[in-house]
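Contents: one structure, followed by commentary.
The values are calculated or read from the model by the stated rules, or taken from the named source; none is laboratory data. Quick caveat, the model's predicted, so the values are computed rather than measured. Cβ: placed from backbone, ideal geometry, glycine included. Neighbour counts: every protein chain shown.
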Amino acid sequence: MAEGDRKSLCLQELARTSGQWLSADGPESDIVVSTRVRLARNLVGYPFMTRADNEIRQQIMDRLRRTITETEAARDFQFIDVTLLDELDRQLLVERQLISRELAQSEGPRGVLVGQGEHASIMLNEEDHVRMQMLHSGFALEQCWSDIDALDDALEARIVFAFDEQLGYLTACPTNVGTGIRVSVMLHLPALRITREIQKVHQAAQKINLAVRGLYGEGSQAMGDFYQISNQVTLGFSEQDLLNHLAEVVPNILGYERRVRDLLCRDNKAQLEDQIARARGILSSARSISSEETMHLLSSIRLGVNLGIVTDVSIATVNELFIHTQPSHLQKLQGGPLKTSERNEARAAFLRERLKT
């Protein structure tokens, strides 16, 4: 079987399953969908990606792939050559949070290694030579950090990364210099969005060097009331400093969201129940529906589940529907590329069937 055929089968199966981070079995998973810790690293003796031609990029990828897969901590990781994928498959990996939009859209030799259960992925030749990440369900900062620290140590035992005694790890973007760490927590904040209190979260986060981004990180919109909270800089801070910062801030946001949910139930319960019932009705009966509208309506269903208004759907199912109704997942499930109108019809049929069962 050709290499491209194996990748196609692998991604076809990926579209039918769900990563562990969608399972809703982690701490605070009523609001916290997932926690991610990412580390940026570069090899000694090679230029940064902006200065590397395709020949050098291929050398970097070949060396990293061989060394990483020989490492005990990553022996079961599956390598996917992103250059062999069509646009649909690349976007599938973006929707699955396994690669960045930058890796999907860039040129030249590049790839990703994916661990079992999708807890871990290691991007090769993104903005930096190595971008490794750990992704867990719920509010799991320490678990993510422990896992990725162990992986980083295992790789560093075999790979010499660019490091300066004064500056720390050297990265292509100055904001990552130092520890090279980016800690992010994905939150579902429908009540704060409904009451427009979300603007206060944005403003408060900026004052304490945290970024508030959309579902797919930098430059993306907050579809379905999902927001990613992450550190903006690393230089001058230790990994534990940044982890502690998120550990202090995120519970305040969770408490804020829960208080506003309680107020909505107390002061506008009939209106809230109507909103959730209408969302359920549309998703269960629509014959054509866009991805954006689906995300908005599923957000109401997810809120309804957490408030006990919707009792026959689980949070894990709603999380899965958020991902499986995205354009690339949907098209893979349907067997190939679809026009926009065809996607909308297929999405509606998929939702009707899933919510019925």
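Report, by residue number, each residue of segment 15-50 that is surrounded by fewer than 15 Cβ atoms within 10 Å (Cβ to Cβ) and either among the small types (Gly, Ala, Ser) or under 22 Å from the mean Cα position of the chain (by Cα) (or both). Result: ARG16, THR17, ASP25, PRO27, GLY45. Return yes or no: is LEU64 under 29 Å from GLY336 (Cα atoms) and touching a Leu at 6+ places or on another chain (Cβ under 9 Å)? Answer is no for this residue.
Among the candidates ARG261, ARG278, the residue that is more than 21 Å from GLY19 (Cα to Cα), at pLDDT 95 or above and crowded, with 20+ Cβ neighbours inside 10 Å is uniquely ARG261. Just so you know, in segment 1-48 the residues that are at pLDDT below 90 and polar (S, T, N, Q) include one that is farthest from GLN331 (Cα to Cα), and it is GLN20. When the strands (runs of 3 or more DSSP E) confined to segment 98-213 are screened for residues that are at pLDDT below 95, those reaching at least 3 such residues are found at 210-213. Among the candidates ARG63, ARG75, ARG57, ARG101, the residue that is under 26 Å from GLN228 (Cβ atoms) and either among the basic types (Lys, Arg) or in the same structural domain as SER314 (by TED's automatic domain parsing) (or both) is uniquely ARG101. Taking first residues from segment 45-71 that are in a loop (DSSP other than H, G, I, E, B) and partners that are of a type in the set (Val, Ile, Thr) and surrounded by 14 or more Cβ atoms within 10 Å (Cβ to Cβ), the Cβ contacts under 8 Å between residues at least 6 apart in sequence or on separate chains come to TYR46/ILE56; TYR46/ILE60; PRO47/ILE56; ALA52/ILE60.
Of the residues contained in segment 46-55, none is found to be within 27 Å of ILE323 (Cβ to Cβ) and in contact with a helix residue (DSSP H, G or I) (Cβ under 7 Å, 6 or more places away or on another chain). Scanning segment 282-296 turns up at least one residue that is crowded, with 20+ Cβ neighbours inside 10 Å, β-branched (Val, Ile, Thr) and under 25 Å from PRO327 (Cβ atoms).
Among residues of segment 51-101 being among the β-branched types (Val, Ile, Thr) and within 22 Å of ARG16 (Cβ to Cβ), the one that is surrounded by the most Cβ atoms within 10 Å (Cβ to Cβ) is ILE99.
Let's see how each residue does on (1) closer than 23 Å to LEU297 by Cα; (2) touching a Gly at 6+ places or on another chain (Cβ under 6 Å); (3) surrounded by fewer than 20 Cβ atoms within 10 Å (Cβ to Cβ):
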position: ASP149; (1), (2), (3): no, no, yes
position: ALA157; (1), (2), (3): no, no, yes
position: THR171; (1), (2), (3): no, yes, no
position: THR175; (1), (2), (3): no, no, yes
position: GLY180; (1), (2), (3): no, no, no
position: ALA191; (1), (2), (3): yes, no, no
position: LEU215; (1), (2), (3): yes, no, no
position: GLY224; (1), (2), (3): yes, no, no
position: THR234; (1), (2), (3): no, yes, no
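Candidates are the residues of segment 309-340 that are more than 18 Å from GLU293 (Cα to Cα) and among the polar types (S, T, N, Q); the one that is surrounded by the fewest Cβ atoms within 10 Å (Cβ to Cβ) is THR311.
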